[in-house]
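So the structure is just underneath, and the comments pick up after that.
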Amino acid sequence: MGPSSVPSPNKLLAALPPDIYERLQQDLDLVELELGASVYEAGGKQPFVYFPTDSIVSLLYVMKDGASAEIAVVGNEGLVGISLFMGGETTPSRAVVQSAGHAFRLSSKVMKREFEYGGPLLHLLLRYTQALITQMAQTAVCNRHHSVEQQLCRWLLLSADRLPTNELTMTQELIANMLGVRREGVTEAAGKLQDAGLIHYSRGRIIIVNRSKLEKRVCECYAVVKKEFDRLLPNEMAI
């Protein structure tokens, strides 16, 4: 069964067979996700899953002292709330809107029902979950072994892949919280990228000026994650 003939700005939904997509449509609600809003908190119940369209949600692990680090980003290639259909119900991470926009919201009851049906939807979600786990693992390695500048390059490219433009709205303080590093480190790394003509940064707005050079500057982690998404998910979902 091929992908849905009904276009959707979320690539997971667009990759569903037509009959499944049409069955889900009546239960999908388009909602607005505001910058900095919490989609779910660590250990809390998740009444919905979210399929971002033009927004990005950051999955964060928060320490007892309030320090945090990003473990993955989710945009129009995926969904937020995999613990609902993986049997865990809750997760120790929290999900925060990194880039404002919209998402299709689906209730946990409907999500569980569809997952239990099995078939194409189950296999698609499991492949997506494997790709997401790869991103989480690679992020951990990157944060441990690569420079702040390389981490920033990876973060910029992963974010840009999930947005319709090369412009991101994000302060250096928020980026530092995402990467789990000091703000001064982000300031220095962003300055180097701007001096090299790769990005333009001003008042919380980052514009990727030269993507090809940014890709040459980034560590191997970006390519590993992208390759795994492209391998596991339909061609229509390539990021």
Inset, instruction - With springs connecting C-alpha atoms under 10 Å apart, model the chain as a Gaussian network and identify which of F115, F104, F229 has the largest mean-square fluctuation. - result: F115
Inset, instruction - Specify the residue with the greatest mean-square fluctuation among E32, E116, E228, computed from a Gaussian network of the chain linking alpha-carbon atoms under 10 Å apart. - result: E116
Legend entry - Most fluctuating residue given options K226, K109, K64, as computed from a GNM of the chain linking Cα atoms under 10 Å: K64
Inset, instruction - Give the shape of the range 143-224 as rounded, prolate or oblate, defined through the alpha-carbon gyration tensor: a ≥ b ≥ c are the square roots of its eigenvalues, a/c under 1.5 means rounded, and otherwise the shape is prolate if a/b is larger than b/c and oblate if not. - result: rounded
Legend entry - Hydrodynamic radius of the chain per Kirkwood, over alpha carbon pairs, in Å: 18.2 Å
Inset, instruction - Mind scanning K64/K216; K45/K112; K11/K112; K11/K226; K11/K109; K64/K192 and naming the pairs with a C-alpha gap bigger than 26 Å? - result: K64/K216; K64/K192
Legend entry - Partnerless Cys - the chain, beta-carbon criterion under 4.7 Å: C153, C219
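Rule-based calculations on the coordinates, nothing more; no lab input. Worth saying up front: this structure is predicted, and the values here are computed from it rather than measured. Cβ coordinates were reconstructed from backbone atoms using ideal geometry, including for glycine residues, and neighbour counts include every protein chain displayed.
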